[in-house]
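Engineer: First, the structure itself, so that you have it in front of you.
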Amino acid sequence: MNSLKALGNRGEQIASEHLEHSAYKIIGRNLKLGPQEIDIVAQKSSWTIFVEVKTRTRGNDQDGLLSKQQITNLKKAIIKYALRNRLAFERLRLDLILITANPRNQKAELKHYQDILN
């Protein structure tokens, strides 16, 4: 496994653990919906939350984390998932979890941005 893929996998694991500790129930990870992928699908209360995880090493520029095309693809994936699972669109949310890893000391900083489309 290449180092970028390993970093991404580690970031998704950290994000999942964070969500579980925050009373979210993980119901799926790395879900492929056609050409789109959703990193994490979780539930909390009556909400279904789709989580995009971005993992970077310390010092990398983090502006523009999600391009317009990525947001469009995420929206398409969310709609596909919601239709397949008969979910109420008004109870859906897209979150972003940003993880900044420090490879020197194996520590990571996590920021959880909720409902990034509104």
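Engineer: In contact with a His (Cβ under 7 Å, 6 or more places away or on another chain) and either closer than 20 Å to LYS5 by Cβ or touching a residue at least 40 places away in the same chain (Cβ under 8 Å) (or both), is that true of ILE97?
Structural biologist: It is true that ILE97 is in contact with a His (Cβ under 7 Å, 6 or more places away or on another chain) and either closer than 20 Å to LYS5 by Cβ or touching a residue at least 40 places away in the same chain (Cβ under 8 Å) (or both).
Engineer: Then there's this: Does PHE89 satisfy the criteria of being aromatic (Phe, Trp, Tyr), under 19 Å from LEU117 (Cα atoms) and touching a Leu at 6+ places or on another chain (Cβ under 7 Å)?
Structural biologist: no
Engineer: Could you list, in sequence order, the residues of the range 5-45 that are hydrophobic (A, V, I, L, M, F, W, C) and either within 12 Å of the chain's Cα centre (by Cα) or under 15 Å from HIS112 (Cβ atoms) (or both)?
Structural biologist: Of everything in the range 5-45, those that are hydrophobic (A, V, I, L, M, F, W, C) and either within 12 Å of the chain's Cα centre (by Cα) or under 15 Å from HIS112 (Cβ atoms) (or both) turn out to be ILE14, ALA15, LEU19, ALA23, ILE26, LEU31, ILE38, ILE40, VAL41, ALA42.
Engineer: Might you let me know whether the range 63-80 holds any residue that is closer than 20 Å to ASP115 by Cβ, touching a residue at least 60 places away in the same chain (Cβ under 8 Å) and among the hydrophobic types (A, V, I, L, M, F, W, C)?
Structural biologist: no
Engineer: Any residue that is in contact (Cβ under 8 Å) with a residue 24 or more places away in the chain, part of a strand (DSSP E or B) and farther than 12 Å from TYR81 by Cβ - is there at least one of those in the range 16-33?
Structural biologist: So far as the range 16-33 goes, no, none of its residues is in contact (Cβ under 8 Å) with a residue 24 or more places away in the chain, part of a strand (DSSP E or B) and farther than 12 Å from TYR81 by Cβ.
Engineer: Another question, then. I'm trying to understand the selection: among the residues of the range 15-38, which are over 21 Å from ILE79 (Cα atoms) and exposed (fewer than 14 other Cβ atoms within 10 Å of the Cβ)?
Structural biologist: Listed by number, the residues that qualify are GLU17, GLU20, HIS21, SER22, ALA23.
Engineer: So, one more: What's the number of the only condition in (1) within 16 Å of the chain's Cα centre (by Cα); (2) surrounded by 14 or more Cβ atoms within 10 Å (Cβ to Cβ); (3) modelled with pLDDT under 95 that GLN62 fails to meet?
Structural biologist: Result: GLN62 passes all but (2).
Engineer: For the range 10-28, enumerate the residues that are in contact with a strand residue (DSSP E or B) (Cβ under 8 Å, 6 or more places away or on another chain) and at pLDDT below 95.
Structural biologist: Within the range 10-28, ARG10, GLY11, GLU12, ILE14 qualify.
Engineer: Now, a different point. Since PHE89 meets every condition but one in (1) hydrophobic (A, V, I, L, M, F, W, C); (2) within 21 Å of GLY34 (Cα to Cα); (3) under 16 Å from the mean Cα position of the chain (by Cα), which condition does it not meet?
Structural biologist: PHE89 satisfies all of (1) hydrophobic (A, V, I, L, M, F, W, C); (2) within 21 Å of GLY34 (Cα to Cα); (3) under 16 Å from the mean Cα position of the chain (by Cα) except (3).
Engineer: Can you tell me which residues in the range 85-94 are touching a residue at least 24 places away in the same chain (Cβ under 8 Å) and of a type in the set (Lys, Arg)?
Structural biologist: ARG91, ARG93
The values are calculated or read from the model by the stated rules, or taken from the named source; none is laboratory data. As the structure is a prediction and not an experimental result, all values here were calculated from the model. When we count neighbours, we look across all protein chains shown, and the Cβ atoms used for this are built from the backbone with ideal geometry, even at glycine.
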